[in-house]
Amino acid sequence: MSVVAEGPPPRVRVEGYAIVSIDGMIADCKRHMPDALRLDADQRFFEASLDAADAVAHGRNSHELQPHSEGRRRLILTRKVASIGPEPSNPMAILWNPAGCSLAEACRAIGLIEGILAVIGGTDVFGEFLRIGYDAFHLSRAGQVHLPGGRPLFPPGCGPTPEGVLAHHGLIPVREQVLEPAAQLNLVTWRRLRPRADAS
């Protein structure tokens, strides 16, 4: 996919959420998120954050599977439509091909004119939003989990580490929390220093 130029509406903030292994992976070599990355403290943070968001964006193989999931507006990124289209199984969702229309148009299609759009994966989706521009990214790292040969947070070629990629795209770490000391689970929030060029 290649994204058309226009970003989200000016009052919509794009925020990413991910947990990675110590080697920067979001899934194992079979593209499955292992139970070792489903840590309670991170899951609580993730659920509370999505409850506070106004819509979520993800690929067709990603889903948060939370109690309030069915009530959330969502953009599902896919190449199966030319631009945007309905998701027959979910009236709260819109199928969106970034190569066919802008994020602003996709947001308007789900009635999102202000608030937070939470980007939750997978790898290709996180990569698409790098080009659009994140306002913030909440990156958890499970310091005891190794996933050699796994699925990286960002597509190959973006950079060797998630932190390096975020810094290269204009974000800086502004807050670090230890979510679960025994699991060496840390959460770092990255934010954009300057507003996106399309934001007012």
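The values are calculated or read from the model by the stated rules, or taken from the named source; none is laboratory data. As the structure is a prediction and not an experimental result, all values here were calculated from the model. Note: ideal-geometry Cβ built from the backbone for every residue, glycine included; neighbour counts use all protein chains shown. Heads up: the accessible areas ignore ligands, DNA and RNA and are worked out on the full protein's heavy atoms, side chains in. Shrake-Rupley method; radii C 1.70, N 1.55, O 1.52, S 1.80 Å.
Were the residues from Thr189 through Thr161 laid out at 0.36 nm apart, the gain over their Cα-Cα distance would be 8.5 nm.
Whole-percent P(r), the stretch 1-125, all Cα pairs, 10 Å bins from 0: 13, 44, 33, 10. Leu117 contributes about 0 Å² of solvent-accessible surface, heavy atoms of the protein only, 1.4 Å probe. Computed over protein heavy atoms with a 1.4 angstrom probe, the accessible surface ordering of Phe46, Phe137, largest first, is Phe46, Phe137.
The overall shape of the stretch 22-95, judged from the alpha-carbon gyration tensor, is oblate: a/c is not under 1.5, and a/b is no greater than b/c.
Computed from Cα atoms alone, the Kirkwood hydrodynamic radius reported for the stretch 52-145 is 13.8 Å. Report summary: the helix-based calculation at 222 nm, which adds -39500 (n - 2.57) for every DSSP H run with n ≥ 4 and divides by the residues of the chain, gives -5500 deg cm²/dmol. Simple point charges give the picture: +1 on the Cβ of Lys and Arg, -1 on the Cβ of Asp and Glu, and for the chain a dipole about the Cα centre of about 400 debye. Rolling a 1.4 Å probe over the protein chains gives Leu130 an accessible area of about 10 Å².
With the whole protein complex present, Ser83 retains an accessible surface near 40 Å², based on a 1.4 Å probe. Remark on the stretch 86-200: Rg and Dmax equal 16.1, 46 Å (Cα only).
Residues Met33, Met25 ordered from highest to lowest accessible area at a 1.4 Å probe: Met33, Met25.
Here the stretch 93-152 and the stretch 153-180 have alpha carbon centers that stand 14 Å from each other.
The C-alpha atoms of the chain define a longest principal axis, and helix 40-52 lies at about 20 degrees to it. Remark: the stretch 13-25, residue by residue, has Karplus-estimated 3J(HN,Hα) of 9, 9, 10, x, 9, 7, 10, 10, 6, 5, 9, x, 9 Hz, where x stands for each Gly or Pro and the curve is 6.51 cos²θ - 1.76 cosθ + 1.60 at θ = phi - 60°. Remark: the stretch 8-64 is approximated by an ellipsoid whose semi-axes, taken from the C-alpha gyration tensor as √(5λ), come to 23, 14, 10 Å, largest first.
Fully extending the segment from Gln66 to Arg11, taken as 0.36 nm per residue of separation minus the present Cα-Cα distance, adds 17.2 nm.
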